[in-house]
């Protein structure tokens, strides 16, 4: 029984320390963002890596998500004689919920894992320690450009996802199932308001910061993570944990943001 409580206390202290480290990491990262000098070239490079290189998977996922929504929505609405509402149903589903969430999950899998692995390798190869020895702030040099790029990229990728998904719904609902094209877009124009677009925009901003925060901090503190060792195994374990934690956090924050913004 004593060993059980010792393990329970050790686990509680470990997770408490981890939470505190991530909080301190976020504070220094945000501070490094607002403090000059600003590395524009590094921000552009990271925007390319996080945003541009994720465009294909966003378009592909958005297209088929919209096609599925168009197919399911048409058959569901046709039972009530409300096929004319297909455009607004597809658009609202994508703009308010599916667009920000699925885009964030795709970016987590494609870019978030790479960020965690990159920073983790820099940590175990002592590159971060070398920067500190040269009086170069690692947060300013490594983390801040990724944070800014993530905050810039996610809203743009979400917009691409939404537009592609709406066109996917149009291809199925109008092109394949014979719905009316004018009704599809007019219902969308009538029912989608600024508040819906604002909700999706706020969610994408928060998800962008959340992904970079979790993935970068997991890589930055890879040497302090438990159960993975201090090498390739530790980096792989940290990357897995970062992707899982980011994905779960996106879904949790989606609920809280929806409850606040509705």
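Listing for the model above:
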read-out: Unique residue being modelled with pLDDT of 90 or more, in a helix (DSSP H, G or I) and surrounded by fewer than 12 Cβ atoms within 10 Å (Cβ to Cβ) when the list is 27, 5; value: 27
read-out: Test: residue in segment 88-98 that is more than 23 Å from residue 52 (Cα to Cα) and more than 23 Å from the chain's Cα centre (by Cα); value: yes
read-out: Residue within segment 120-132 that is buried (at least 24 other Cβ atoms within 10 Å of the Cβ) and within 25 Å of residue 208 (Cβ to Cβ) present; value: yes
read-out: All positions within segment 156-177 that are buried (at least 24 other Cβ atoms within 10 Å of the Cβ) and more than 26 Å from the chain's Cα centre (by Cα); value: 173
read-out: Candidate set from segment 30-53 (those that are over 22 Å from the mean Cα position of the chain (by Cα) and in contact (Cβ under 8 Å) with a residue 60 or more places away in the chain); member that is surrounded by the most Cβ atoms within 10 Å (Cβ to Cβ); value: 39
read-out: Search result, residues across segment 30-60 that are under 24 Å from residue 101 (Cα atoms) and not in a helix (DSSP H, G or I); value: 51
read-out: Condition met for residue 85 (touching a helix residue (DSSP H, G or I) at 6+ places or on another chain (Cβ under 6 Å) and modelled with pLDDT under 90); value: yes
read-out: Given (1) closer than 25 Å to residue 243 by Cβ; (2) surrounded by 24 or more Cβ atoms within 10 Å (Cβ to Cβ), index of the condition residue 113 fails; value: (2)
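The values are calculated or read from the model by the stated rules, or taken from the named source; none is laboratory data. Owing to the predicted nature of the structure, the values given are computational and were not obtained by experimental measurement. As a convention, Cβ positions derive from the backbone with ideal geometry for all residues, glycine included, and neighbour counts pool all protein chains shown.
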